[in-house]
Amino acid sequence: MSTITAALGSDRARRLRAALTGLLAAAAAVGAPFYFAPFQVFQLTMVLLYAVALAGLNLLVGFGGQISLGHGAFFAAGAYTAAVMLDRYDTGHLATLPVAAAGCFVLGLGFGVPALRLRGLYLALVTLSFAVFLPPLLKRLQSVTGGSMGLTVDKLEPPAWSGLAEDQWMYFAVLAVTAVVLLLARNLLRSRVGRALLAVRDNESAAEVMGVRLSLHKTLAFAWSAMFAGVAGCLYTWVIGFVSPDSFSFVLSITLLAGLVVGGLASLYGPLLGAAFVMYVPSVSQDVSEAAPGVVFGLLIIAVMFAAPTGLAGLPGRVRGALARRATRAATLDRTPGAPSAPGANPKSLAEPGPAAVLTPAEPAAVDADPVGAPPRTEKE
Amino acid sequence: MSEPTTDRTEATPGAEPDFLTVRGLHAGYGQARVLQGLDFRVARGEVCAILGPNGAGKTTTLRALCGMVRGRGSVTLNGTELLGRSPEQTARIGVAHVPEGRGTFNDLTVEENLRVGAHLRTGPRRRGRAERAAVAADLERIHDYFPRLRQRSRQAAGSLSGGEQQMLAIGRALMLRPSLLLLDEPSLGLAPLVTRELFEIIRAVNEEEGTTVVVVEQNAQLALGIAHRAHVLEAGRLVLSGPAAQIREDGQVAEVYLGVSVRSRKAG
Amino acid sequence: MRKTTALRAAAAATAALLTATACSSQRGQNDQSTAAGGACKGQQTTGITDKTIKLGGVYPLSGPASAYGTISKGVAAYFKYVNAQGGIDGRKVEFVVRDDGYQPPKAVEETRRLVEQEKVFAVFQTLGTPSTAAVWDYLGRQKVPQPFVATGASVWGTDDRHPWTIGWQPNYVAEARVYAKYLKDERPKAKVAVLYQNDDFGKDLLGGFKKAVAGSGVKVVAEESYEVTDPSVSAQMASLSRSKADVLLDVTTPKFGSQALAADAKDTEWNPLHILNNVASSAAVLQPVGFKNVQGVVSATYFKDPADPQWADDPEVKTYRDALHRYAPDADPANQFNAYGWAVASSLHKALDAMKCPTREGLRDAVRNLKDVKVGMLLPGVTMSTGPGDAFPLETMQLMRFKGERWQLFGKPVDTREEFGPLTK
Amino acid sequence: MNAVTDFLRQVVEGLGSGAVYASLALALVLIHRFTGIVNLAQGELAMLSTYVAWQLVASGMPFWLALPVTLVVSFAGGMLVERIVIRPVQGAPELTVVIVTVGLFIFVNAMAGLIWSFTVKDFPQPFPDGGIEMAGVRVDWSTLGIIGVVAVVMGLLYLLFQHTSVGLVMRAVACNPSSARLSGIRVGRVLMLGWGLAATVGALSGVLVAPVLFLEPNMMGGVLIYAFAAATLGGFDSPVGAVVGGLFVGVAETLTGAYVDVIGADLKVGVPLVIILAVLLVRPQGLFGRAAVERA
């Protein structure tokens, strides 16, 4: 009984601490634009908008298990939707957001259908092709997109009543959208859709047997994911005020994927870390080596993957795990009390049937795992 | 129900009682500790059955022996320590492990599968005519044990039936000319008739080749039928050890530890 | 579970913020300093003192366009050379280079870093049309001069809403006009096939060419584009060869220039007059193709190619080689991009010398009021001129033909202003 | 020139680019087959090998000596890359390994720029100038040479895999590494061997295409995308598929670029992709890929 109270107490304490930290983080996020220089506020704004795109990609790659090398294209589609609306129809910034989101959602649905038939690499290639194909297409549609010169549009201006500087206003606008999007992503994952997605990722046929409507969920995952990327693109147009086809080459798509993996797949806050990585590390690389920033940047990517194969988000867990293992080794004989399944009768035996933890649930999963040191495998379908 | 029930306990070829010695074996996956300290011995030429319910640690025991999972304690084969070695190293010492789920090379043909088994002898540095002849002879021998493999020699392993794949997996393991053969659930997913055929062959191999066999089985009755000795595992510990016949005869013990399979035997 | 996630998110956000803080502890902006008195009263003096002048440039040091990154080395070498000579009007130049990887959002970030954190006097060169277009609004609003951008798009000179930004090199339309005039004079009935890069550079040049030959007997009969991401232009060359045109106008960047020249040389059935645009006209582009394969190729230029033996004894080129050797030992003096950097930096030197006030406004006005300014690295006869209604410093080029192992200039320098009138939108 | 000759000429042109794609696709397929990952840095490693060859030739070594030296160096280099860069993330999620190759891509590209600058280098053409006339169409020796070498490499790989014990072991590892280990195969060494082989094939690819594309650090960047497409079309597991896929992509792209005005040279990159999508929707495993074999 006392343990339960203690547990409850510690649970409450933990919740309290978490709520406090959350409040602190919110306060920090809100206070940041007043503390930092405008240039740094701009950098933070960029981190947030990349995080939106990465969160979208995470839905697909991290939770859906499908690889997309073409999210830069959805990003571009969102950015161009906003830019064209501002340039030709003078709609005002706010109106561009739902249109870009809806447009990319539909585009994602369109891609989601063929994506059903494709797996792994094949899907990666088809999406990559889309990313490669989009810039020349944008150039071709010169009358609308401004061709290779791109479009310069107005940035988001603060209204007079706010009393904020341009950077601060943009930061808050992007922060608001990011917060909504990240919450949406979180709820999406906790909803039936999300659980279905996870089930599909972990075991497709089993999920199907369970009655998950596979095709629907996979297609929807693509659509949501594209929508997030489109929203990020729209924010990009608000913040940068300039779009051109060559801003959205396939390099962007690969950068996004790299950012996601570096940040941490299937983690809710991995996208934030990944976005910070793609935003800050290139400049850091230049500070290290002016002659060849790429050398440093490439090495840093590899180094992070060595240190944290599951991404930066997984790093604390890995460290904790390593520490725990060390602790376990130190106290091998310490046993968890478990329900003894052996009968009271102690038949003639050479070994002693002592009480032991019931490890049954742990084993099947572990047995499925590849043995130590086995190379990673792709699905060979 | 006719079964291969000669009592082999007395027939234990116990020239070297300490061929395989397991002492204080602990093993697990990550933070999950599965084996909590095992001690047992297997004599040369003996068939040893490891029995127990699901999750007792049977598979883990075999994996620790062959190096697929890391273990602590001591496992010696003919005086050589096995722990701390990788699977490829234990294979080179003479341990052949037929994993659960068979682990055949499905894209390769049946004959290629068997040749991979002989790879250690046909490696880059040993390509003499004598070796090639020896491999051919071994192939012939395996084909004699498993005539069905001969017929399917050019077929892809992936196209075989479950029983044939299991035979192929054992055949490939034998191509290593192992001194210790580890079999993990050979009956899994096979029809009863096929299973019986398979166990007959395992017994034949043991008798003719003198290969020491450690077999893990859910189907206790079958395993006890060919084993000399048996160990019963529960929750990572040995709860019962003894000559196979004795364990088979002890109905109560069997029922408690081995569950359904024994009851079904009684029912049958 | 839920709370721990929130906790982690909070921790991540805090970490990100801390990173940002760690990246720079400088705060407070917009504290522009202004000149104290005299005619220059109230003008911005950020980044300039009596002893120093701080300039910043944004170049692609990484990424797909890193070939152009070396321009910054030419520029930096010039400033170091000048500093060793006592500086510009007694002011030592500090030149800060940032890398944008040829990505516009990065260009915005790095330009803002230069302006807000480094507090540079002027952003001397952004490279590439997309990167320049991404920041010129910002620099205009901040009233920071953006002189002599490293792109030849005509828009820098025709636009009238960005007084703080100005180009330098002859714009692509002007270059197209030089070729158009040459063809109209020499081959009035020429049928022209065009290979061009599918971006602002290729389209600007092609568009300018078409406009310049409009109404004459010179006709464009075939055009093929390529993307910078394409591996090669051989398919495009095969298509163009079907047109059987008399002239091939080759609007490419160096690697594709080499490929097109090689494809032309290989094609024995089609032997057009090959006009190679200036960007790809370096001897370094022609040499890999083999000099025997590029005889008779025509191009136009405005500065001295350091790889060309005819300038071997030119005093400015000698100075350039020595300076590069001393101040940028890892840069190849024969690379025309280094020479370009040297030329544009020395042009800025002249503009800074011409400032009436040592202020940002002074520089803005100075670059728009140049009168036949001579620069050592420019060809004889090519001078910088700007004025009201003319925001193109260089609009003169001279034709050259490849003979033996080097380019030979021929004809007089063509002043496209005189020939075609001022360029407008 | 009549329409037929003209068409043939475009086909030959397409085969020429196709052979370039095919050569790199072979290397991609090799690594994928043995390790199950896509090496995005494959093109850059090939470029690096080509620079090695260039450096050797530039320092006075005859081409036909520099070539085998380069291949040996590349083989060793490929093994080293596996050991140093890939092995530490073995067992990590597949995407982690892919991103490591992205890092390697950026690193190698920047390194080459640092060492050899971005100035275009000329690379000796191993094949004679000129070509032969066939049905009024001139086919360059270099095109024939690339196709020939690619065909020979493909044949050698086939022999290696199907008729040698090393090939058998490599296929066993590709098929089921854990069982291979239990058969006493040193899987780590076999994986190194796979990377070494792929790097060698890649080096050959680089050396073959360098005279046509001209050597600079970004030489293989564009090729990689097409090679990726070729490998996908071919099924990602089959060397034959990679070569057929490469040639197909090259021809399809050239023909549509030349004959379909709406598409033109700028959008021709979309053509092979549409075809690939169509093929994949009918055969998700690609033209030559194996259908899924249910693992028991």
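Where a number appears in this text, it was derived from the coordinates with a stated rule and is not lab data. Computed from a predicted model, the values in this text were never measured in an experiment. A quick note on method: Cβ atoms are made from the backbone with ideal geometry, for glycine too, and the neighbour counts reach across all protein chains shown.
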- line: Ranked by GNM mean-square fluctuation in chain D (Cα springs under 10 Å), the top entry among D:ASP261, D:ASP237, D:ASP140 is D:ASP261
message: Between D:ILE84 and A:ARG14, what is the label-point separation in nm under the 7 Å Cα-to-beta-carbon projection?
response: 4.4 nm
field: Backbone N within region C:215-255 under 18 Å of label point (7 Å from D:ASP261 Cα along the Cβ vector)
entry: C:219-225, C:239-245
- prompt: Relative to the longest principal axis of chain D, what angle (0 to 90°, nearest 10) does the C-alpha long axis of helix D:239-259 take?
  reply: 30 degrees
- request: Please identify which residues in region D:119-134 have an amide N closer than 19 Å to a label point set 7 Å out from the Cα of D:PHE63, following the Cα→Cβ vector.
  value: D:120-132
- prompt: Can you sort C:TYR302, C:TYR320 so the residue with the fewest Cβ neighbours within 10 Å comes first?
  reply: C:TYR302, C:TYR320
task: Assign one of three labels to region C:108-152, namely rounded, prolate or oblate, based on the Cα gyration tensor with a ≥ b ≥ c the square roots of its eigenvalues; rounded applies when a/c is under 1.5, prolate when it is not and a/b is larger than b/c, and oblate otherwise.
output: prolate
- prompt: Can you give the angle from 0 to 90° between the axis of helix D:94-116 and the longest principal axis of chain D, with both taken from C-alpha atoms, to the nearest 10?
  reply: 60 degrees
task: Determine the calculated [θ] at 222 nm for chain C from helices alone, applying -39500 (n - 2.57) to every DSSP H run no shorter than 4 residues and normalising by the residue count; nearest 500 deg cm²/dmol.
output: -11500 deg cm²/dmol
statement: Yeah, region A:38-249 with a ≥ b ≥ c from its alpha-carbon gyration tensor (a/c under 1.5 is rounded, else prolate when a/b outruns b/c, oblate otherwise) is oblate
field: Degrees, to the nearest 10: C:315-327 long Cα axis against longest axis of chain C
entry: 50 degrees
- prompt: Which order do A:LEU252, A:LEU128, A:LEU315 fall in if you start with the one that has the fewest other Cβ atoms within 10 Å?
  reply: A:LEU315, A:LEU252, A:LEU128
- request: Please report Rg over Rh for region C:249-382, where both radii come from the alpha carbon positions and Rh follows the Kirkwood definition.
  value: 1.07
Size of the protein assembly as shown as Cα extents on the principal axes (Å, biggest first): 115, 82, 54
- prompt: Given the Cα atoms of region C:172-301, and with Rh set as the inverse mean 1/r over their pairs in the Kirkwood sense, what is Rg to Rh to two decimals?
  reply: 0.92
- request: Counting residues in region D:72-150 as N, plug N into 2.2 N^0.38 Å and put the Cα Rg over that result.
  value: 1.67
task: Sum up the charges of everything whose Cβ sits under 12 Å from the Cβ of C:PRO254, counting Lys and Arg as +1 and Asp and Glu as -1, but leave C:PRO254 out.
output: 0
message: Only sites in a loop by DSSP and with at most 13 other Cβ atoms within 10 Å count here; which trypsin sites (Lys or Arg not before Pro) in region D:163-192 make the cut?
response: none
- line: Within 10 Å of the Cβ of an average residue in D:120-129, the count of other chain Cβ atoms is 3
message: Nothing charged except the Cβ atoms of Lys and Arg (+1) and of Asp and Glu (-1): what's the magnitude of the dipole of region D:3-282 about its Cα centre? Round to the nearest 20 debye.
response: 1080 debye
field: Rg to Rh quotient for region D:3-282, alpha carbon positions, Kirkwood Rh
entry: 0.98
- prompt: Which of C:VAL297, A:ALA292, C:LEU409 sits closest to the plus end of the dipole of the protein assembly as shown, meaning its Cα is farthest towards the positive end, when Lys and Arg get +1 and Asp and Glu get -1 on the C-beta?
  reply: A:ALA292
field: Most mobile of D:VAL212, D:VAL271, D:VAL166 in a GNM of chain D (Cα contacts under 10 Å)
entry: D:VAL166
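When only Cα pairs under 8 Å and 6 or more residues apart are kept, what is the percent relative contact order across chain C?
15 percent
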Order of D:HIS163, B:HIS143 - criterion: other Cβ atoms within 10 Å of each residue's Cβ, fewest first: D:HIS163, B:HIS143
query: Mean separation of Cα pairs under 8 Å and 6+ residues apart, divided by the residue count of region D:3-282: what relative contact order is that in percent?
result: 39 percent
- prompt: For chain C, modelled as a Gaussian network with Cα springs under 10 Å, which listed residue fluctuates most, C:ARG98, C:ARG401, C:ARG161?
  reply: C:ARG161
task: Taking each pair of different alpha-carbon atoms in chain C once, compute 1/r for the pair, average those values, and report the inverse of that mean as the Kirkwood hydrodynamic radius in Å to one decimal.
output: 22.7 Å
query: Can you tell which of D:SER142, D:VAL38, D:TYR259 lies farthest toward the positive end of the dipole of region D:3-282, using +1 and -1 charges on the Cβ of basic and acidic side chains (Lys, Arg; Asp, Glu)?
result: D:VAL38
